[in-house]
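The block underneath contains the structure these notes are about, expressed in structure tokens.
The values are calculated or read from the model by the stated rules, or taken from the named source; none is laboratory data. Keep in mind it's a predicted model, so treat the numbers as computed, not measured. Neighbour counts run over all protein chains shown; Cβ positions are idealised from the backbone, glycine included. Quick note on the areas: whole protein, heavy atoms, side chains included, nothing else; ligands and nucleic acids left out. Shrake-Rupley method; radii C 1.70, N 1.55, O 1.52, S 1.80 Å.
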Amino acid sequence: MRRLLAEGIAGLVVVDNLLSAERDNVPADPRVRFVQGSIADQNVLDGLTDDFDFAWHLATYHGNQSSIANPLADHDNNLITTLRLLERIRDFKRVKRFVYAASGCVLAPHTFGDTTPVEEDGAVPFDLDSPYQISKIVGEFYSVYYHRQHGVPTVRARFQNVYGPGEILGAGEWRGTSATVWRNVVPTFVYRALKKMPLQIDNGGVASRDFIFVSDIVEGLLRCALAGAPGAVYNLASGQETTILELAETVNRLAANSAPVQFQPQRAWDRAGRRVGSTQKSREELGFEAKTPLDLGLEETIAWTTANLPLIERAIAKHAGRLQIA
Ligand SMILES: NC(=O)c1ccc[n+]([C@@H]2O[C@H](COP(=O)([O-])OP(=O)(O)OC[C@H]3O[C@@H](n4cnc5c(N)ncnc54)[C@H](O)[C@@H]3O)[C@@H](O)[C@H]2O)c1
């Protein structure tokens, strides 16, 4: 949103039911019209008219662990949302691109051993790890179908692990597990390191992720909208693989946290231990390259988290009693 406003966009409609978000995070700008509601709600959909140039569909039931705890809520907010939104806009004439936020975790190989960066046309496994992953790939199937059948100019942007300023731990409503508060690994590690708490590491920290800074993802989403081929899919990845142990050591160093890391068992559901995306297609076809090195991105995230601790702690405190913060 902030990037679009800075680019001088004339107007922006944001639809969000605040399930995993805070209202305070929506910029106060007269060009932003905020609609609080589900994108699966017919009244909300009826309020969208054919006067958009671009649509970015980012709504999700965040994320893998919450979806395992509540598959039906995942269906309602991560799967049917995509179908209903595409049904609504399928006859719109003005929209130039509909960009769908897909997830690289779906195609990640189920291994902690050797692997290579995953390309866009890699095989989709049948034995997915969570309802979230099922919803994300079904969203891709629908994006392809609505392009072929109805000519909707869909482009799928397949994210790797996004991090950076703006991600608020505990944002939104309780979603059944501690993952409501401890969202993704980076904000969790950064918060705990700033509070001088031990970082908790599953399975010896051998799993890896391809971390991509939020401003790079935003750039990728804009390029998908402006230059993506209708019907196509592009990885938005850094192409750099970092193990969770390396990430923990880096965050502790940058945040001057001397608490020793705490090792825990492997998460039973997560079999895609190594995750990294190929950057070749998005570089060649979109001219996209993630520019922010991990150290720099983490420094910015630490600075933002430090400056926004009251906001973050208010969001975490909403879930007090359900979760031990230790
Ligand atoms: N963050 C990552 O590392 C990552 C990785 C892969 C894919 N993605 C995808 O990127 C998108 C954004 O993810 P994020 O990490 O920013 O998550 P997020 O939880 O911050 O954002 C999702 C937003 O969707 C909203 N939402 C949920 N249900 C809704 C509904 N029914 N109607 C309207 N809004 C609804 C939430 O309140 C939230 O603001 C998602 O589609 C996600 O699957 C993210």
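Computed with a 1.4 Å probe over protein heavy atoms only, the accessible area of residue 137 comes to about 10 Å². P(r) for the chain, from all Cα pairs and a bin width of 20 Å, is 31, 62, 7 %, short bins first.
Quick one: of the DSSP bridges fully inside the chain, what percent are antiparallel, nearest 5?
Working: 2 of 30 bridges.
Among the beta bridges of the chain, antiparallel pairing accounts for roughly 5 percent.
With all protein chains present and a 1.4 Å probe, how do 50, 210 order by accessible area, largest first? Walk me through the numbers before you get to the answer.
On the way: 50 60, 210 0 Å².
Ranked list, largest accessible area first: 50, 210.
Calculate for the chain the 222 nm mean residue ellipticity that helices alone would give, adding -39,500 (n - 2.57) per DSSP H run of length 4 or more and normalising by residue count, nearest 500 deg cm²/dmol. Present the calculation step by step, with values, prior to reporting the outcome.
On the way: 12 runs with 115 residues, N = 326.
Result for the chain: -10000 deg cm²/dmol, rounded to the nearest 500.
When both the stretch 26-82 and the stretch 284-309 are represented by their alpha-carbon centers, they are found 25 Å apart. By a 1.4 Å probe calculation restricted to protein chains, residue 216 has an accessible surface near 10 Å², given to the nearest 10. By the rule of a C-alpha distance below 17 Å, with chain neighbours fewer than 8 residues away ignored, the lysines paired with residue 291 are 281. Across the chain, the relative contact order, built from alpha-carbon pairs under 8 Å that are at least six residues apart, equals 21 percent. For the stretch 232-316, the set of chymotrypsin sites (Phe, Trp or Tyr not before Pro) satisfying both a DSSP loop assignment and a count of at most 16 other C-beta atoms within 10 Å is given as 269.
Expressed in nm to one decimal, what extension gain is obtained for the pair residue 296 and residue 144 from 0.36 nm per residue of sequence separation less their Cα-Cα distance?
Numbers: separation 152, 0.36 × 152 = 54.72 nm, distance 3.62 nm.
Between residue 296 and residue 144, full extension yields an extra 51.1 nm.
Residues of the chain: accessible area per residue at 1.4 Å, in Å²? The partial results should precede the final answer.
Numbers: 14770 Å² over 326 residues.
Counting only protein heavy atoms, the per-residue value for the chain is 45 Å².
Angle of helix 80-89 to the longest C-alpha principal axis of the chain, folded into 0 to 90 degrees and rounded to 10: 30°. Take every pair of alpha-carbon atoms less than 8 Å apart whose residues are at least six positions apart; their mean separation over the length of the stretch 1-148 yields a relative contact order of 24 percent. Taking the protein heavy atoms of the stretch 111-155 in the context of the full set of protein chains, the accessible area attributed to carbon and sulfur is 55 percent at 1.4 Å.
If you average the sequence gap of Cα pairs under 8 Å that are 6 or more apart and divide by the length of the stretch 65-219, what percent do you get for the contact order?
Details: 167 pairs, mean separation 45.8, N = 155.
Over the stretch 65-219, the number comes to 30 percent.
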